[in-house]
């Protein structure tokens, strides 16, 4: 089984790295928006994808193409992300190629699901929030605990 | 050494200026800053735009105090290393972020020992003076409490098992 762990750099990534232990027997591959993050998991393959945000639609589209290439070439069985736009792309495109997908919304979003998290809801087979009060029918998110 | 980090995503002019001002009054104390895309270039401390992960972790773990925004990377890494954190939430009203989730996070994480939240430059300078004058001893932070919850790992493991 091949698992793609993907997120933007910074806090999203720090949270994602705390979930590695859930995939003990799988082949792990990583992707993020900071090239130097290849340093983090040197025994595994790492893919750099250019950063983007909603404010620049062109960069956002380029990021989507880069994620498409990555998912097309690697064909992960599972895609897991903590956000943000790179993670949303990975879930959408992952679904096209029959991956099972996990969205875990950043713990920074304690009052509502993140913007990309709301969009990710329908592409996530497992849709998690890290705040119990955000789980339930309103958000469609499940709470199972947090990374801290 | 004091380490200032404003995260990898957005500039944070107000915080970088405030720390630079503090540094100008404390020339004997080394301050190092990772300022990202912040336009203001500090005059009273050493700075870079972006550190690679190894340098970042080295500096953060050696710091007497870490000053930063209320970003989860800063909070988790800082608390893991047991370094006192002085954090200022970004405000949408000042053009510092896309929404005010950092203000909400500030309320949630102010409860952790070793984390102080400040809302403006004056509070920041007072808090830096206070935290920097504390002796570094004992287990002052919640470092050991910040482990990933086992129920979350188990939930993901169950999902993986169902997927294979």
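The values are calculated or read from the model by the stated rules, or taken from the named source; none is laboratory data. Computed from a prediction, not measured in an experiment: that's the story for all the values here. Counting neighbours? That spans all protein chains shown, and the Cβs are built from the backbone with ideal geometry, glycine included.
Descriptive notes on the structure:
- Flag for residue A:38 being within 12 Å of another protein chain (Cβ to nearest Cβ), surrounded by fewer than 22 Cβ atoms within 10 Å (Cβ to Cβ), in contact with a strand residue (DSSP E or B) (Cβ under 9 Å, 6 or more places away or on another chain) and within 21 Å of residue B:149 (Cβ to Cβ): no
- Taking the criterion of being over 17 Å from residue B:54 (Cβ atoms) and more than 10 Å from chain B (Cβ to nearest Cβ), the residues of the stretch A:13-35 that qualify are A:16, A:27, A:28, A:29, A:31.
- Only residues that are touching a residue at least 60 places away in the same chain (Cβ under 8 Å) and within 13 Å of chain B (Cβ to nearest Cβ) were counted in the stretch A:88-103, giving 2.
- Taking (1) more than 26 Å from residue B:150 (Cβ to Cβ); (2) within 13 Å of chain B (Cβ to nearest Cβ); (3) touching a strand residue (DSSP E or B) at 6+ places or on another chain (Cβ under 9 Å); (4) in contact (Cβ under 8 Å) with a residue 40 or more places away in the chain in turn, residue A:85 satisfies each apart from (3).
- Residues in the stretch B:137-164 that are surrounded by 11 or more Cβ atoms within 10 Å (Cβ to Cβ), modelled with pLDDT under 80 and more than 7 Å from chain A (Cβ to nearest Cβ): B:140, B:141, B:142, B:143.
- Meets criteria (outside any loop (DSSP other than H, G, I, E, B) and touching a residue at least 12 places away in the same chain (Cβ under 8 Å)) for residue B:40: no
- Odd one out for residue A:106 among (1) out of contact with any helix residue (DSSP H, G or I) (no Cβ under 9 Å at 6 or more places or on another chain); (2) in contact (Cβ under 8 Å) with a residue 12 or more places away in the chain; (3) within 14 Å of chain B (Cβ to nearest Cβ): (1)
Rundown of residues vs (1) in contact with a strand residue (DSSP E or B) (Cβ under 6 Å, 6 or more places away or on another chain); (2) in contact (Cβ under 8 Å) with a residue 12 or more places away in the chain, yes/no style:
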site	(1), (2)
B:92	no, no
B:99	no, no
B:103	no, yes
B:109	yes, yes
B:115	yes, yes
B:121	no, yes
B:131	yes, yes
B:135	no, no
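- Residue check for residue B:17: in contact with a helix residue (DSSP H, G or I) (Cβ under 9 Å, 6 or more places away or on another chain) and closer than 22 Å to residue B:91 by Cα: yes
- Where residue B:21 falls short, out of the listed (1) within 12 Å of the chain's Cα centre (by Cα); (2) modelled with pLDDT of 95 or more: (1)
- Scanning the stretch A:1-12 for residues that are crowded, with 19+ Cβ neighbours inside 10 Å and at the interface with chain B (Cβ under 7 Å from one of its Cβ atoms), we see that the one that is nearest to residue A:104 (Cα to Cα) is A:11.
- Residue that is farthest from the other protein chains (Cβ to nearest Cβ), among those in the stretch B:77-97 that are touching a helix residue (DSSP H, G or I) at 6+ places or on another chain (Cβ under 7 Å) and farther than 14 Å from residue B:15 by Cβ: B:84
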